[in-house]
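A short write-up of the structure that comes next.
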Amino acid sequence: MAPLIEALTSNGFPVGGTGNSVSAIAHTQGWLHCDIPGTDASGAVKALMDDLHAEFITEEMPNRVHLSTSCCEINCGGQADIAIIIQHTKPPKINHDLVANMCERPTVVARCPVAAIRPAMVNGKPSLEIDEAKCMCCGACYPPCPPMQINDPEHSKLAIWVGGKNSNARGKPTFMKMVASGLPNNPPRWPEVSAMVKKILYTYKNDARSWERVADWIDRIGWPAFFEKCDLPFTKYLIDDWRGSRASLNASTHIRF
Ligand code: SF4
Ligand code: SF4
């Protein structure tokens, strides 16, 4: 392998991403191939990989670190140790003039996971209305009904989730949890997102034991210590408080975090 690595490196190709390193970032398709992105996943990945190049070509992490970026909230992206995911912060705005011609209203009504959409007549035309108190800004109604515009340069933000992984010989699969919200969607280099990812990544690198994945590390130290060590504020935006969440999700800091 040594001559191959030498040849690739001398021609400017980064070689790494295996073993205890930051692997190549998994990312979703974005504007090139999909119709609902709220950001450009590939651009954020390029900016982040430039910043994390040193951690890609060396194997100095406690364990492998998978990163991912997803450009909508109902994303096709996977679980990752650290994930960057779009976060809509306002309910969709409906263009009532277009709904009758572009949307199958029963499909859109059925699509909403919290039953916040109802058929309505607006200005004499069949349209839809949203119960904004119920809406959790997931964006699931936008793909079947483009007049329900939710993407917005100011109000579509980015959030950081941590601790997702598949099962392995040492542990069960784990789901990610959101630890930072409302970061600006700031192309072309996304400096705020990069700074947040690096803060979490390097805290993990310095504090985790050998062979602990991010989820194992947090499991050992506990969520309060995670927020303290990473110097992250725990805000109300990290608690799932939409109607119906109390039975299944993070109803309070005491129960889950
Ligand atoms: S994450 Fe969402 S917007 Fe991005 S490619 Fe996947 S489905 Fe499309
Ligand atoms: S954004 Fe999600 S929760 Fe809100 S109306 Fe659309 S589908 Fe329902």
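Please treat every number below as a calculation from the coordinates, not as lab data. These numbers were taken from a predicted model, which means no experiment stands behind them. Please note: Cβ atoms are built from the backbone with ideal geometry, for glycine as well, and neighbour counts cover all protein chains shown.
Can you give the Rg/Rh ratio of the chain, where Rg is from the C-alpha atoms and Rh is the Kirkwood radius? Show your work: numbers first, answer last.
Numbers: Rg = 20.6 Å, Rh = 20.0 Å.
Result: Rg/Rh = 1.03.
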With no solvent and one point per C-alpha, what does the Debye sum give as log10 I(q)/I(0) for segment 93-148 at q = 0.15, 0.23, 0.28, 0.30 Å⁻¹? -0.34, -0.83, -1.23, -1.40
Can you tell me the 0 to 90 degree angle between the C-alpha axis of helix 191-207 and the longest principal axis of the chain, rounded to 10? 50
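Translational D (Stokes-Einstein, µm²/s) of segment 106-192 at 37 °C and 0.692 mPa s when Rh comes from the Kirkwood sum over C-alpha pairs? Write down the numbers at each step before the final one.
Working: Rh = 16.1 Å.
The Stokes-Einstein estimate is 204 µm²/s.
Round to the nearest 0.05 the FRET efficiency obtained for Arg209 and Asn166 when R0 = 22 Å and r is the Cβ-Cβ distance. Walk me through the numbers before you get to the answer.
Working: r = 20 Å, r/R0 = 0.92.
E between Arg209 and Asn166, to the nearest 0.05, is 0.60.
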Under the Karplus relation with 6.51, -1.76 and 1.60 and θ = phi - 60°, whole-Hz ³J(HN,Hα) for segment 143-155, x at Gly and Pro, equal x, x, 9, x, x, 8, 5, 10, 5, 8, x, 8, 8
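Among Lys199/Lys229; Lys90/Lys236; Lys199/Lys236; Lys165/Lys205; Lys205/Lys236, which pairs are too far apart, with a Cα-Cα distance over 19 Å?
Lys199/Lys236; Lys205/Lys236
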Result for the chain, cysteines with no Cys Cβ partner under 4.7 Å, is Cys34, Cys71, Cys72, Cys76, Cys112, Cys135, Cys137, Cys138, Cys141, Cys230
Long-range amide H partners of Leu158 with built H, under 5 Å: Gln87, Gly182, Leu183, Asn185
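Among 166-177, 100-111, how do they line up from the highest to the lowest mean number of other beta-carbon atoms within 10 Å?
Values: 166-177: 12.3, 100-111: 14.3.
Top of the packing list down: 100-111, 166-177.
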Can you work out the Karplus-derived ³J(HN,Hα) for every residue in segment 218-234? Use 6.51 cos²θ - 1.76 cosθ + 1.60 with θ = phi - 60°, whole Hz, and x for glycine or proline. 5, 4, 6, 8, x, 5, x, 5, 4, 5, 5, 5, 7, 6, 10, x, 8
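Let me spell out the model: positive unit charges on the Cβ of Lys and Arg, negative unit charges on the Cβ of Asp and Glu, origin at the Cα centre of the chain. What dipole size does that give, in debye rounded to 20? Write out the running numbers ahead of the final one.
Values: 26 positive and 26 negative charges, 146 e Å.
The dipole of the chain has a size of about 700 debye.
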For Lys177, which aspartates and glutamates qualify as cross-link partners when the Cα separation must be under 13 Å and same-chain residues fewer than eight apart are set aside? Asp81, Asp219, Asp240
Report the full-extension gain for the segment Glu60 to Met102: residue separation times 0.36 nm, less the Cα-Cα distance, to one decimal in nm. 9.9 nm
First measure r as the distance between the Cβ atoms of Ala115 and Asp219, then evaluate 1/(1 + (r/R0)^6) with R0 = 30 Å and state the FRET efficiency to the nearest 0.05. 0.30
Residue-wise, which Karplus ³J(HN,Hα) couplings in Hz belong to segment 209-215, taking 6.51 cos²θ - 1.76 cosθ + 1.60, θ = phi - 60°, and x for glycine or proline? 7, 3, 6, 7, 6, 4, 5
Please list the non-local residues whose amide H lies under 5 Å from the amide H of Ser70, H modeled 1.01 Å from N, same-chain partners needing a gap of 5 or more. Ile84, Ile85, Ile86
Length gain on complete extension for the stretch Thr89 to Asn123, per 0.36 nm per residue less the alpha carbon to alpha carbon distance? 9.5 nm
Checking rank on 217-225, 198-206, 44-52, 9-17, with mean other Cβ inside 10 Å and highest first, the result is 44-52, 198-206, 217-225, 9-17
